[in-house]
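The values are calculated or read from the model by the stated rules, or taken from the named source; none is laboratory data. Bear in mind the structure is a predicted one, so any value in this text is a computation, not a measurement. Backbone-built Cβ (ideal geometry, glycine too); neighbour counts: all protein chains shown.
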Amino acid sequence: MERLAMFGGERHVTVDDADRAALAWPIVTDAERQAVLAVLDGGGLTSVGSGAATVSALEAEWADYVGVGHCAAVASGTAAIEVALAAAGVSPGAEILVPALSFVGSASAPVARLLVPVFVDVDPRTYTIDPLAAAAAVTPRTEAVLAVHLHGLPCDMAPLRELARQRDLVLVEDAAQAHGASYRGTRTGALGDVAAFSLNAVKNLPTCGEGGLVTTDDEDIHRKVVRHRQFGEDMSTPRDYLSHVLAGNAKLSAVQAAFARCQLDVFPARQAARERNVREFLARLAELPGLVVPSCPDDRTHAWHMLRLRFDPVALGFPDVAPGALRTVFQRALRAEGVPVQQYQPVPLPGQPAFQTGEGFGGYPWRLPGVPAPRYRADDHPHACAIIDDSVTLQHWHLNPAATDVLRRCADAFEKVWSHRAALAALAAKVSYQPMWQRVERAEANR
Ligand SMILES: *Cc1c(COP(=O)(O)O)cnc(C)c1O
C-alpha cells in the first residue's frame, strides 16, 4: 500500500504550470482583453450614459438566457438580494425565511433591508431549504422566502411556490451559485417572483471582480429594482435628477459588463464540459464506501458550483467514530495528498457571530416595535449542523473545463486515502472534536 502523504509518503496531486492554466478561474482570453480594452478606449465607462449600451446588452442577453422579461445589472450578488427585496416591497420588521445553511450574504442582505431572518433547516440530501420546515416556520409576520439554490442545485420550488401563494409571501431566489441550472425545465432566475445572481469572479458566470444580476418577469418589480440600484432615479434622458425613493448606488460598471458578456458567450459550452467532468469524477468517488457524493434529483439540473462530499461513519464501517472527527482526519489526509478540500461555512447561519450578537445596525431590525428578541441557535437546525460536521467541499478546481485530468488525479488520491481508511478511522477515534458553532456560541456567551 502506498504510504499516505500525511505520514511522509509522496503527495499524490502536484500542480505544475500546465495544471495551473487548466485550473484557472475565471478563464481570461483575448476576447475578454479586447472587450475590456474597447470599453476603456471607447470612453464608455459609466453604467448609465456612455457605458449604458454595454450594461444593457448584458442585461438583455441574460434575460433571454434565463427566459424572463427583465434583468438589471447590479454591483454584487449581495446587492442583488438587497434591491430585489426592496423592489418586492417587504416591510421593515417582517420575517423572511432563510435556509440555515448558506453563505452569510443570504442572511445579511435581508437584515440590511430591516428584515428579520428566520432560519429554516435544509434537506439532508439536497442541502437546500426543506419546504416542510419552511411551511412550519411561517408566522403572521412572514413576508418572504429566500430560496437559495445552494452549490448549484435548484431548491424544490413547487412546494415553495405553493407555500408562497397560500401565505402571500414573496418568493426570492438566491441563484448566486446556480447560473444555468433548471428545475422541471425552467431555469433558475425564472422560478420565483424575483431572483438574484452573483457575477463575482469565483462564480460560474464570473466577471473580473464584483457584480450581480436581478431577473424578474414582473415589470413593476423591475422598474423598482432599477430605481433602487441608482439613487431612486428613473434615469431618464436627459437625466432629471429626481429621486423617487431613498436608495443607494449599486450599479455595475461597463468594464465588468463587457467581461461578463464574453463569459456568457461561452457559458453553455463550459457548463456542458463541466457537467461531463464532474459526473465522471463523482461516479468514481461514489464507489468509495461511506463517501456520499452530491445527487441531483431527476426533475433538476445542477450547476455544480461547489462539490460537497459527506463522510458516513456507518457506511464506512466505523459506526462509533464521531462524524466530525472522521471528517477532520480525512480532510487532513486528502489535503496532504494535494486535494484542496475545505469546509465551506463552518457554522450554520444562526451560529455566525454576527447573528449571535446582532451587531451591525444598532440592534435593528430586532429593536423595531413588535419584533421578538433574537434567539438564534445553530442546534435548532440539526441537518445543517450534521452536514457541516461531516462534509468537505471541493471548490473552484472543477469549474474550468480543462480540469479533466487534474480531477482524475484527485479521484486517484481519494482512492489512495480510502485504502488507508481503517488507520484513519482509528486515528479519528482518538481525536477530540467540537463543532465550530459550539465554540462560537460559548465565546459570545462569555463576552
Ligand atoms: C456569493 C454568494 C452571494 C453573494 O454574492 P456576492 O457577489 O459575493 O455579493 C450570495 N449568496 C450566495 C449563496 C453566494 O454564494
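Structure notes:
- Among the residues making up the stretch 1-48, none is in contact with a strand residue (DSSP E or B) (Cβ under 8 Å, 6 or more places away or on another chain) and closer than 25 Å to His305 by Cα.
- Checked against (1) within 25 Å of Pro353 (Cα to Cα); (2) surrounded by fewer than 18 Cβ atoms within 10 Å (Cβ to Cβ), Ile96 passes all but a single condition, namely (2).
- Condition check for Thr126: out of contact with any His (no Cβ under 8 Å at 6 or more places or on another chain), assigned to a loop (DSSP other than H, G, I, E, B), of a type in the set (S, T, N, Q) and over 23 Å from Val278 (Cβ atoms): no
- Among the residues of the stretch 131-150, those that are surrounded by 24 or more Cβ atoms within 10 Å (Cβ to Cβ) and either farther than 17 Å from Gln166 by Cα or basic (Lys, Arg) (or both) comprise Val148, His149, Leu150.
- Taken as a whole, the stretch 207-223 holds at least one residue that is surrounded by fewer than 19 Cβ atoms within 10 Å (Cβ to Cβ), within 16 Å of the ligand (Cβ to nearest atom) and at positive phi.
- Just one of the listed residues (Ala72, Ala38, Ala52) is closer than 16 Å to Asp174 by Cα, out of contact with any Pro (no Cβ under 8 Å at 6 or more places or on another chain) and either within 15 Å of the ligand (Cβ to nearest atom) or of a type outside the set (S, T, N, Q) (or both), and it is Ala72.
- Among the residues listed as Leu334, Leu424, Leu349, the single one being in contact with a strand residue (DSSP E or B) (Cβ under 9 Å, 6 or more places away or on another chain), surrounded by 15 or more Cβ atoms within 10 Å (Cβ to Cβ) and either under 23 Å from Ala5 (Cα atoms) or among the polar types (S, T, N, Q) (or both): Leu334
- Residue check for Thr78: assigned to a loop (DSSP other than H, G, I, E, B) and β-branched (Val, Ile, Thr): no
- Filtered by the rule that a residue be out of contact with any Cys (no Cβ under 9 Å at 6 or more places or on another chain) and either surrounded by 13 or more Cβ atoms within 10 Å (Cβ to Cβ) or at pLDDT below 95 (or both), the stretch 245-257 gives Ala247, Gly248, Ala250, Lys251, Leu252, Ser253, Ala254, Ala257.
- Residues located in the stretch 129-154, provided they are assigned to a loop (DSSP other than H, G, I, E, B) and within 12 Å of the ligand (Cβ to nearest atom): His149, Leu153
- Residue within the stretch 350-373 that is of a type in the set (S, T, N, Q), touching a residue at least 60 places away in the same chain (Cβ under 8 Å) and over 14 Å from Ser108 (Cα atoms) present: no
- Test: residue in the stretch 193-202 that is more than 13 Å from the ligand (Cβ to nearest atom) and either aromatic (Phe, Trp, Tyr) or in contact with a strand residue (DSSP E or B) (Cβ under 8 Å, 6 or more places away or on another chain) (or both): yes
- Selected residue [closer than 17 Å to Tyr344 by Cα and of a type in the set (Val, Ile, Thr)] from Thr78, Thr139, Thr126: Thr126
- The lone criterion from (1) small (Gly, Ala, Ser); (2) farther than 17 Å from Ala196 by Cβ; (3) assigned to a helix (DSSP H, G or I) left unmet by Ser106 is number (2).
- Taking the conditions (1) touching a residue at least 60 places away in the same chain (Cβ under 8 Å); (2) surrounded by 18 or more Cβ atoms within 10 Å (Cβ to Cβ) in turn, Val341 satisfies each one other than (1).
- In the stretch 155-188, the qualifying residues are those that are over 18 Å from Ala107 (Cα atoms) and within 14 Å of the chain's Cα centre (by Cα), and the one that is farthest from the ligand (Cβ to nearest atom) is Gly180.
- Here Tyr364 fulfils each of the conditions (1) in a loop (DSSP other than H, G, I, E, B); (2) touching a Ser or Thr at 6+ places or on another chain (Cβ under 6 Å) apart from (2).
- Ser106 vs. criteria of a type in the set (S, T, N, Q), more than 17 Å from Arg229 (Cα to Cα) and within 11 Å of the ligand (Cβ to nearest atom): yes
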